[in-house]
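Okay, structure first, notes after.
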Amino acid sequence: MRLVALGSQEQMAKALLEGEVDALIGIVDLEWWRRSNSMLGFRVSGLLEGSRHSVVMSIRNDWPLLPGILNKALATIPLTERHRINQRWLSAEMQGLQPLYLSGSEHAYLQSKRFRRIATGGYPPFSFIDRDGNLSGIAEDYWALIRTKLQLKVEELAPESFATVLNALERQEADLFVSTTATPDREAYALFSDSYEQFPIALATLRGQGFITDAASLEGQVVAVGESYSAYHLLRERYPAIIFLQVTNTAAALDAVVEGRAVAAADTLPVLQHLMAARGDDSLHLGGVTDAVYKLQIMVNKAHQPLLPLLNRAIATLTEQERITIQKRWMWRAVTTEKRVDYTLLGQILLGALLLIAAILVWNRRLSQQIRRRIEAERPLQEAAMLFQVSNNGVVLTDEKNTILRINPAFSEITGYSAEEVVGQTPSLLKSGHHPQAFYHQLWQMLLSQGYWEGEIWNRHKSGKIFPLWERIVVMRDKRGGVSGYLSQFSDIARRKLTEEEIRQRGNYDALTGLANRSLLLERLELAVKSHQQHGHKLALLMIGLDKFSQVNETMGYPSGDELLKQAALRLQAEIGELDTAARVGGDEFLLLLSERDDQIAVEESVRRLSTRLESVYTLPAGTTEVSASIGISLFPDDADSAEELLRNANLALARAKGVGGVHHYFTESMGQELRERYRLESDLRLAVAEGELGIHYQPIIDLASGRVCGVESLLRWQHKELGGISPGKFIPIAESSGLIQPLGSWVIESVCRQLQSWHAADLRLYAAVNVSPRQIPDGVSPSYLQQLMVAFGLTPDMLVLEITESTLAEDLDKVANWLREVRAQGFRVYLDDFGTGYSSLSYLKNFPVDAVKIDQSFVRDMVKDQRDYALVETIVALSKTLKLQVVAEGIETEGQRQRLCEMSCSYGQGYLFSRPQPPEQLDSWLHAH
């Protein structure tokens, strides 16, 4: 590459448009200049990896305090505001440019490695196991983005406790841990990536203890932290005089505060928010934010040092929009700035307001003095703004005339009013009419005489409904003692007025059917297993699926579908005894725990009655219908010795029952063996290409009249290093269900094109047919992708034939039809494989544009001795000729079959009579011999 330096942006643009240079390299303002001057002859096409252009402010040397003030102000600008600025000044294509380029050696390194990743699974909201049994959280969302960017091959290890995870990394039994931060002792045995997110270490205290303005004030006092947690290491370095009580986790740390064993619990701000919300009580609040920062990093086994710079580069490409999406999903409320802030005046008001929120729990006259001291104290504006924004209580700040100056997001969420609707109004906007005028008179009398008021008040939501609040109001005074404003903090207590039974009902039962939910069922299943282990009794777990339930939703509407589920639930309840449990676990699936069935005969009788009940007619809003039920059955202790294994086995049995169609099926050990074998094959298939276990064999396609070789069919083969040859009928379905079919299919097509290029160079004019899975259409074999391959390998479209099956046509009629038209318009031929083995074959020939049909070998095999097969083959050939379609007969093994096909005017064929599928080097010798 030759670099040319030019004097101005105008000269650069002119040189590019006149062809004197091929590309321009500039910073982001080059793109702004292009747009503002309507230069449409070129566009931004990429960012140089690692290139950063920082925009900074220059400050006079004789104003030394201003840089610090500006840095504090800039630190409070949230990602949402930065994104808004980018949207205003940068084009969409510039905003989305986040390059990640890998060299050939780097790509080869990643493809050759399989990294063992371990997680805690118990650290919400960073990394935890959700109700569906999947790892979720902030760290998991970031990890999914980073893993996708690098296309990492990862083995997911079972989640462990935090201490066990660290021990696994130290003993090199794991390679990656994505939700942690670097500490000196950890850096002794592991590497750490750059930070991909960071949060302050915060403190949770009892609500009556007030706000901790300085963590140093906790010297000599007890602060509870999770054992080996990063909060402990970060705070211990800064505040060695604090007494740290190490407990099992942060939930236990909060318990220590409630029980009086500690004055505060420490962890990151999101973790404390999540755990305090999960507790469901108001005994704790966010009591302070320290200057310690928890940086989310990826912990890497030192044996994989080359991976570290690749992870850092992937982190650097994370876009602001990606970060905002994750923050909105997991943080209670995004920290946003509604309008430009006067950081010299409003910042002081916000600072005082936030300090007052914590202090209003102290019900005495010293409150005003404490507030004034905190207003005068200099505290970072970012901490104050964050506390104000993320509080789950509504906060409103007024002036001395009770005119609203500012509200927080929780105010809008609780009342329904936005800031634009209430700023400039008075809080009387919320009056509900529930209280007499004397109530408000007493409120103001106490507020002005004692400096505060606290109690229950009913307000009116924007929607018109009234609801109860618990509100605290304090008077803000200036230095002269005059009233400067009022601060109100309130929380919606409607939820607390629910009865315990209502809360239990919502947490443990399905809202639609009234049956137990998955959580309650699993709890009862655990108890039942333990009880039966002690007393030697048997129990059965039935997993039930309503067959073709989705068709009811699609044809009769969702109200009818919901009604069907309700009626099915009633029929289940009618079958169970007092000690049994019926649960809806999602969609059309139910679980039935039968605790009083001593033998399989009793279970069989219950299943028979249950099937009869479920398959009776349902009367629905849109009419009547019938559905069948598939039932998977797992018995304890015959099939499993734990609740988890019992549930898994019932699920496997249900899958087998659905495969047969509308029956019940008991779990067998062979199902477990099949599952283990399937998992192993899927895992090994991910590495098969890199380890050279996959190859392509080619079977010649012959002109039956002349014997000339006109093409080949490409057939994927897997020679496992331990298991030997594995049938495509076994591993192709695994590739389709696991999503591996896309990269695997691309590898096959590109390998075939490379072989065609070799044959073309050797003057062998052949076409190659490639089998295309329904899962590859349309994205995996898009017309643009196929055309790129033709250009890259110097081929023409007529040299590549795409073979599809009748099941492909049944997947998505419109999608497949459009794809067929597009690829054939570019010159590619499409063959319909295994013709006659599916259904609706004639309608497919009529409605879908294909070039040829391939007669399945099951018809060809017996056509000489079976008159019906002969007639079918003859009919297919005659029909194809009428429709001007070519015909290829598969599985020709005898000369008699070839002669009969020639008599029918079948043009082409393939089979063992001519050649078995062969690897390319053997086929080359065969071709030269024939």
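The values are calculated or read from the model by the stated rules, or taken from the named source; none is laboratory data. This is a predicted model, so every value here is computed, not measured. Every residue, glycine as well, gets a Cβ built from its backbone with ideal geometry; the counts of neighbours run over all protein chains shown. Please note that ligands, DNA and RNA were not included when accessible areas were found on the heavy atoms of the full protein model with its side chains. Shrake-Rupley method; radii C 1.70, N 1.55, O 1.52, S 1.80 Å.
Quick notes
- Per this entry, residue 263 is not counted among residues that are open to solvent by 40 Å² or more (accessible area, probe 1.4 Å), in contact with a helix residue (DSSP H, G or I) (Cβ under 8 Å, 6 or more places away or on another chain) and not acidic (Asp, Glu).
- Selection status of residue 639, more than 30 Å from residue 107 (Cα to Cα), under 34 Å from the mean Cα position of the chain (by Cα) and among the acidic types (Asp, Glu): yes
- Failed criterion for residue 877 (all others in (1) open to solvent by 30 Å² or more (accessible area, probe 1.4 Å); (2) in a helix (DSSP H, G or I) hold): (1)
- All positions within the stretch 454-493 that are among the small types (Gly, Ala, Ser), under 15 Å from residue 434 (Cα atoms) and in a loop (DSSP other than H, G, I, E, B): 464
- Of all the residues in the stretch 549-584, those that are under 30 Å from residue 539 (Cβ atoms) and either in contact with a helix residue (DSSP H, G or I) (Cβ under 7 Å, 6 or more places away or on another chain) or touching a residue at least 12 places away in the same chain (Cβ under 8 Å) (or both) number 20.
- Among the residues of the stretch 787-837, those that are part of a helix (DSSP H, G or I), farther than 24 Å from residue 909 by Cβ, out of contact with any strand residue (DSSP E or B) (no Cβ under 7 Å at 6 or more places or on another chain) and among the aliphatic types (A, V, I, L, M) comprise 789, 790, 791, 792, 813, 816, 817, 825.
- Boolean, residue 144 is under 12 Å from the mean Cα position of the chain (by Cα), buried (at least 23 other Cβ atoms within 10 Å of the Cβ), of a type in the set (A, V, I, L, M) and part of a helix (DSSP H, G or I): no
- Residues of the stretch 684-698 that are open to solvent by 40 Å² or more (accessible area, probe 1.4 Å) and in contact (Cβ under 8 Å) with a residue 40 or more places away in the chain: 686, 689, 690, 697.
- With respect to (1) in contact with a strand residue (DSSP E or B) (Cβ under 6 Å, 6 or more places away or on another chain); (2) touching a residue at least 12 places away in the same chain (Cβ under 8 Å); (3) loosely packed, with under 15 Cβ neighbours inside 10 Å, the lone exception for residue 701 is condition (3).
- Of the strands (runs of 3 or more DSSP E) lying entirely inside the stretch 230-315, not one is found with 3 or more residues being touching a Pro at 6+ places or on another chain (Cβ under 8 Å), touching a residue at least 40 places away in the same chain (Cβ under 8 Å) and not assigned by the TED database to the domain that holds residue 200.
- Checked against (1) in contact with a helix residue (DSSP H, G or I) (Cβ under 8 Å, 6 or more places away or on another chain); (2) more than 19 Å from residue 516 (Cβ to Cβ), residue 590 passes all but condition (2).
- Matching residues in the stretch 204-216 - criterion: being at pLDDT below 80, out of contact with any helix residue (DSSP H, G or I) (no Cβ under 8 Å at 6 or more places or on another chain) and under 16 Å from residue 265 (Cβ atoms): 208, 209
- Residues of the stretch 432-471 satisfying the condition of being closer than 17 Å to residue 397 by Cα and out of contact with any Ser or Thr (no Cβ under 7 Å at 6 or more places or on another chain): 444, 447, 448, 452, 453, 454
- Checking residue 779 against (1) closer than 14 Å to residue 750 by Cα; (2) surrounded by fewer than 16 Cβ atoms within 10 Å (Cβ to Cβ), the condition it does not meet: (1)
- Whichever residue in the stretch 109-125 is among the aromatic types (Phe, Trp, Tyr) and at pLDDT below 90 and, among such residues, is farthest from residue 307 (Cα to Cα): 123
- Verdict on residue 185 being open to solvent by 70 Å² or more (accessible area, probe 1.4 Å), farther than 19 Å from residue 116 by Cβ, modelled with pLDDT of 90 or more and not in a strand (DSSP E or B): no
- Selection of the stretch 399-453 for residues being part of a strand (DSSP E or B), among the hydrophobic types (A, V, I, L, M, F, W, C) and under 46 Å from the mean Cα position of the chain (by Cα) yields 404, 405, 407.
- Qualifying positions in the stretch 452-480 - open to solvent by 30 Å² or more (accessible area, probe 1.4 Å), acidic (Asp, Glu) and without any contact (Cβ under 8 Å) to a residue 24 or more places away in the chain: 478
- Residues within the stretch 642-683 that are part of a loop (DSSP other than H, G, I, E, B), free of Cβ contacts under 8 Å to residues at least 40 places away in the same chain and open to solvent by 30 Å² or more (accessible area, probe 1.4 Å), tallied: 2
- None of 918, 867, 899, 857 is more than 27 Å from residue 813 (Cβ to Cβ), within 49 Å of the chain's Cα centre (by Cα) and open to solvent by 40 Å² or more (accessible area, probe 1.4 Å) except 857.
- Criterion (modelled with pLDDT under 90 and either in the same structural domain as residue 298 (by the TED database) or touching a Lys or Arg at 6+ places or on another chain (Cβ under 7 Å) (or both)) met by exactly one of 190, 163: 163
- Residues in the stretch 123-140 that are over 11 Å from residue 179 (Cα atoms) and outside any loop (DSSP other than H, G, I, E, B): 129, 135, 136.
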